[in-house]
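Enquirer: What follows is a structure written as structure tokens; I'll ask about it next.
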Amino acid sequence: VNGDTLINVERVQFSDTYVALDLDGHAGQTAKILGAVFGKDAVTNKEYAGIGLHFLDSGVSYEALMDLALNAALGDDAIDPEAVVKLLYKNVLNVDPSESDYEPFVQMLENGMTKGALGVMAAETIYNTQNIGLVGLQETGLSYDLFEG
């Protein structure tokens with residue numbers, strides 16, 4: 001507006017909303033988690049975005065927040081490798097996986113990979129970043145509600 005430029009600014013507060021601009025940092029990680037775990041429409045959920053930003057800004061790692069998000073989304077099924085893989089696969093690729101599609105990822109979990117690590121791997125794929133419109137978010141930022149914990 002009127003030629004003003006923001007440099008090295010991660011968060012902006014307006015009278016009616018908050019916007020996170022660090023799409024190469026915590027805002028991007030939050031958006032990717034929301035898309036991979038809750039589906040692409042969740043990226044516009046300001047409450048969820050605020051929660052994710054709060055935890056990442058407070059020092060929770062990307063992988064640990066992914067684990068928390070998977071637990072929240074799946075509840076008791078979060079301990080089932082097949083349920084984890086099916087959820088991530090469906091949200092990242094927008095299709096239900098066949099057994100041959102999801103079996104290699106189930107094996108990864110059964111062989112010691114954490115669900116948080118698998119979730120981050122899925123969230124970082126080009127499929128997820130395209131699905132959630134990360135490039136567009138880099139122009140607009142990630143809107144969020146302030147979460148105090």
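Enquirer: Any idea how far the Cα center of segment 17-50 sits from the one of segment 98-149, in Å?
Expert: 11 Å
Enquirer: How much net charge surrounds residue 11 when only other residues with a Cβ under 12 Å from its Cβ are counted (Lys, Arg +1; Asp, Glu -1)?
Expert: Details: positive: none; negative: 10, 22, 57.
That sum, taken over residues with Cβ under 12 Å, equals -3.
Enquirer: I'd like the orientation of helix 81-93 relative to the chain: the angle between its Cα long axis and the longest Cα principal axis, in ° from 0 to 90, rounded to 10.
Expert: 50 degrees
Enquirer: How big is the equivalent ellipsoid of segment 34-149 along its three axes, where each semi-axis is √(5λ) from the Cα gyration tensor, reported in whole Å from largest to smallest?
Expert: 24, 17, 11
Enquirer: Between 52, 136, 28, which gets the highest mean-square fluctuation from a Gaussian network model of the chain, Cα cutoff 10 Å?
Expert: Sorting by GNM fluctuation, first place goes to 136.
Enquirer: Report the semi-axes of the equivalent ellipsoid for segment 30-78 in whole Å, largest first, where each axis is √(5λ) for an eigenvalue λ of the Cα gyration tensor.
Expert: Values for segment 30-78, descending: 15, 14, 8 Å.
Enquirer: Want the number for residue 90 to residue 126: 0.36 nm per residue separation, take away the alpha-carbon distance, what's left?
Expert: Gain on stretching residue 90 to residue 126: 11.5 nm.
Enquirer: For q values of 0.21, 0.29 Å⁻¹, compute log₁₀ I(q)/I(0) with the Debye formula on a Cα-only model of segment 58-125, without solvent.
Expert: -0.84, -1.48
Enquirer: Which whole-number percent gives the relative contact order of the chain, counting Cα pairs below 8 Å spaced six or more residues apart?
Expert: It comes to 37 percent, rounded to a whole number.
Bear in mind that the values in this text are calculations on the coordinates, not laboratory data. All figures in this text were calculated on a predicted structure; none of them were measured in a lab. Note that we place each Cβ from the backbone using ideal geometry, even for glycine, and neighbour counts take in every protein chain shown.
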